[in-house]
Amino acid sequence: MIVSAPESKNIQRPFALASLVETLSSSLGPNDAGFLQRVYEDGLEKYRNRLHQIGFHRLDTVLDAGCGFGQWAFALASDVEKVIGVDVSNNRINVCNQLAKYLGIENTHFLVATLENLPLPTESVDGIFCYSTIYLTDYRKTLKEFYRILRKGGRIYICTNGPGRYVYEIIQNPRSTPDFNMRLYALKTFRNTLLGRWHHLSAQNGARIMSPSATKRRMEQIGFHILGIGPEGSVEVTRMPKKAEPFHSATYLGLTNVFEILAKK
Ligand SMILES: C[S@@+](CC[C@H](N)C(=O)[O-])C[C@H]1O[C@@H](n2cnc3c(N)ncnc32)[C@H](O)[C@@H]1O
């Protein structure tokens with residue numbers, strides 16, 4: 001179903017945000033500092049556009065699963081009643097709490113936890129948004145946990161990586177810093193996938209490569225109904241005045257790069 005994007009309140013304070021991000025980055029290591037600055041460098045509008053495009057507005061409670069430094073959670077906060085951000089990293093949740101405090105955002109709540117074992121009641125959220133995190137978890141357990149906490153009729157969005165992303169990282173070695181070698185991370189991700197490893201995945205140990213067909217199949221087995229699947233940025237349920245630009249290319253060297261799935265319980 002396609003509906004029109006609504007006008008909605010805008011809670012952004014771009015100047016406060018930019019200087020706050022700079023201050024917070026100074027207490028982080030080079031990799032985290034670069035990541036924090038990158039995700040906030042153009043403000044939150046591009047995230048809000050994308051969230052509207054996939055119908056993540058006018059919802060009650062939404063989980064940002066693996067919220068990182070919180071840019072999606074804060075973009076969500078302007079258009080839904082309540083956002084719960086969960087991440088395994090204390091540092092990242094600390095930054096989210098400081099950003100929420102200084103920006104005066106009161107409808108976000110951040111928790112340190114793993115996606116495979118969420119400290120949230122059964123059928124307690126209306127939406128689950130999971131951008132670029134599920135590949136660091138045992139996705140079979142995480143999807144079951146998502147199904148448990150989502151209310152009937154609720155929607156779930158997952159964005160994750162196929163092999164093209166890691167081939168790109170091996171060849172290009174983008175954004176490596178003294179404390180994080182992207183090429184090594186991508187090689188470890190291939191190793192984990194080939195050896196069938198599901199445990200201790202992390203930025204240090206490497207992730208798992210996922211495939212659109214296997215992820216879709218697993219979601220359907222668990223009970224989700226797929227609404228849309230395709231390259232990152234392609235799924236659209238709300239007609240936008242101007243369709244949001246994808247953040248990643250659909251393929252790299254002919255291999256699936258970053259892909260997304262929108263589904264319903
Ligand atoms: C690539 S970042 C993406 C963060 C954010 N979603 C974004 O789009 O910027 C991946 C995040 O997943 C978190 N993470 C890794 N493993 C996790 C787990 N098992 N449970 C919860 N969060 C996890 C990391 O701490 C990190 O913040």
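Nothing in this text is a laboratory measurement; each read-out follows from the coordinates by a stated rule. In this text, all values refer to a predicted model and were calculated from it rather than measured experimentally. Backbone-built Cβ (ideal geometry, glycine too); neighbour counts: all protein chains shown.
Amide H to amide H distances under 5 Å link Val258 with Gly162, Glu232, where only residues 5 or more positions off or on other chains count and H is placed in the peptide plane. For Glu123, nonlocal amide neighbours, meaning residues 5 or more places apart or on other chains whose placed amide H falls under 5 Å from its own, are Ile149, Leu150. Computed from label points 7 Å out along Cα-Cβ, the spacing between Ser234 and Gln221 is 2.4 nm. Please tell me which of these pairs span more than 25 angstrom C-alpha to C-alpha: Lys144/Lys264; Lys242/Lys265; Lys144/Lys216; Lys141/Lys243? Over 25 Å apart, Cα to Cα: Lys242/Lys265; Lys141/Lys243. Each Lys or Arg adds one and each Asp or Glu subtracts one; over the other residues with Cβ under 15 Å from the Cβ of Tyr131, this totals +3. Remark: the Arg148-Ala18 segment gains 43.1 nm on full extension, using 0.36 nm per residue and subtracting the alpha carbon distance.
For region 73-106, the residues whose amide N sits under 14 Å from a probe point set 7 Å from the Cα of Ala113 along the beta carbon direction are 83-89. Within the straight-line cut-off of under 16 Å between alpha carbons, the lysines reachable from Lys82 are Lys9, Lys101, sequence neighbours fewer than 8 places apart in one chain being disregarded. Residue separation of Arg140 and Glu245 scaled by 0.36 nm, minus their Cα-Cα distance, works out to 34.8 nm of gained length.
Taking only Cα atoms of the chain, what ratio of Rg to Rh do you get with Rh as the Kirkwood inverse-distance radius?
Value, to two decimals: 0.93.
Exposure proxy ranking for Ile156, Ile226, based on other Cβ atoms within 10 angstrom of each Cβ and starting from the fewest, stands as Ile226, Ile156.
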